[in-house]
Amino acid sequence: MWITGSLLVVHILSIVLWIGGVAFVTTITLPMLASWPAAHRFAVFSEMERRFGAQARILVVAAGLSGGALLVRLRLTGLLGRPQGAWLDGMIGFWTLFALLLFVAEPLFLHRKMSELAQRDPNRVHALLLRGHRLLLALAVIVIISGVWGVTT
């Protein structure tokens, strides 16, 4: 039983730190940068994102590995794709979205495209970043609520 408990601790802790970071960026960092000179916003955001991005990648991998292990260990795979398991499907979908953003989109093209746009229209980049982060945070809140609901019903 200690293995399941350990997996659960890793899973919950990685999600708290990962989504807590997203919440901080969304509710504190990006709004604060709105008062900075437009020409400096993206550079400052990029440096902060670089530092948090490294942590987020580790946390997303930890959440995925521990979540996958819990899914098998607790024999929950039968819920996937069924109405009773919608909360699991939501967790996996959100995790997949974030993993794709962190490991594929951002390094392959997203950062470069945003950097190019920041040179031409820094206010638009800031608005896009804020809107995107708000959407991700809203999805995270929905997934967390449904996950808690799902495991308690």
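The values are calculated or read from the model by the stated rules, or taken from the named source; none is laboratory data. Just so we're clear, the structure is a prediction, and the values are computed from it rather than from any experiment. Virtual Cβ from ideal backbone geometry, glycine too; neighbours counted across all protein chains shown.
Things worth noting here:
- Of the helices (runs of 4 or more DSSP H) contained entirely in the range 1-98, those carrying at least 2 residues that are farther than 29 Å from Lys113 by Cα fall at 2-24, 38-73.
- Restricting attention to the range 92-139, the residues that are of a type in the set (Phe, Trp, Tyr) and without any contact (Cβ under 8 Å) to a residue 12 or more places away in the chain add up to 1.
- The condition of being hydroxyl-bearing (Ser, Thr, Tyr), closer than 20 Å to Leu135 by Cα and surrounded by fewer than 17 Cβ atoms within 10 Å (Cβ to Cβ) holds for only one of Thr96, Thr29, that being Thr96.
- Restricting the range 111-137 to residues that are crowded, with 17+ Cβ neighbours inside 10 Å and in contact with a Leu (Cβ under 7 Å, 6 or more places away or on another chain), the residue that is farthest from Leu33 (Cα to Cα): His133
- Selection of the range 93-118 for residues being small (Gly, Ala, Ser) and farther than 20 Å from Leu139 by Cβ yields Ser115, Ala118.
- Residue check: Ser6 meets all listed conditions (1) over 16 Å from the mean Cα position of the chain (by Cα); (2) surrounded by 15 or more Cβ atoms within 10 Å (Cβ to Cβ) but one, namely (2).
- Being modelled with pLDDT of 95 or more, aliphatic (A, V, I, L, M) and closer than 30 Å to Gly5 by Cα is a property that does not hold for Val151.
- Exactly one residue out of Gly68, Gly64, Gly20, Gly90 is exposed (fewer than 14 other Cβ atoms within 10 Å of the Cβ), modelled with pLDDT of 95 or more and within 23 Å of Leu139 (Cα to Cα), and it is Gly20.
- Considering only residues in the range 26-60 that are aliphatic (A, V, I, L, M) and under 11 Å from the mean Cα position of the chain (by Cα), the one that is nearest to Pro122 (Cα to Cα) turns out to be Ala56.
- Scanning the range 52-70 for residues that are more than 16 Å from Glu106 (Cα to Cα) and in contact with a helix residue (DSSP H, G or I) (Cβ under 7 Å, 6 or more places away or on another chain) returns Leu59, Ala62, Ala63, Gly64, Ser66, Gly67, Ala69, Leu70.
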